[in-house]
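Take a look at the structure set out below.
The values are calculated or read from the model by the stated rules, or taken from the named source; none is laboratory data. In this text the structure is predicted, and so the values were computed from the model without any measurement.
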Amino acid sequence: MLCQVFIGEDHLNGNEIERALQRADKLADEGEWRDAVAIFQTLAAEGNAHAMVRLGWASDTGLGVPADPSQAEHWYRKAAASQNLWARYQLSEFLRRKGAHKEALSIVDELAHAGYLPAIYRLSRLLEAGIAIEKNSELSAYYRDHAAAHGHVWAGRERAMAMIKGHMGPSKVIPGCLSLAAVLWRSFQLVARNPTDTRLLR
């Protein structure tokens, strides 16, 4: 068992946790979820929010463990309790998927006002769709543009597409094409450098 590498250690130090996370994430990316889950469980016992989120995803999707929505929610909420912004955002996404839109919106709104870019982008989408909040296209565009200005690639893509479609006037069509090309190039750079960068998170 892969988790045997941890036997005999009362607690893992920071470097060991980071190496274990990288190993588990690599296994998960390769489809070896059962082995990945064993490591995530060990790390979750150490209080690692990333591992807890990954266990939530595993239980939500049935990867490496039987699908169990209640267990998935347990792990997402436990991770979010650490106040890790990414973990809290992942809880909001889980709640949104299960239809708990008001609670999801509450978390997204708080994270957005704390400056967390994926949440700012998500709030823009919710305002445009009118999900759990009154539809407001003008405010949606404000949050989209704010996220785009700070490098969020999906917000930047949406803003560029709005320009190309003429939503900002005929004079913005060509600048929109240039903006889209710049966003695509920046996204390639981010993926190559750090695929977990929050500017890539939808």
Practice prompt. For the range 53-71, name all the residues that are among the hydrophobic types (A, V, I, L, M, F, W, C) and either within 22 Å of Y121 (Cα to Cα) or within 16 Å of the chain's Cα centre (by Cα) (or both).
Written response: V53, L55, W57, A58
Worksheet item: Looking at A72, is it closer than 17 Å to F40 by Cα, modelled with pLDDT of 95 or more and of a type in the set (A, V, I, L, M, F, W, C)?
Response: yes
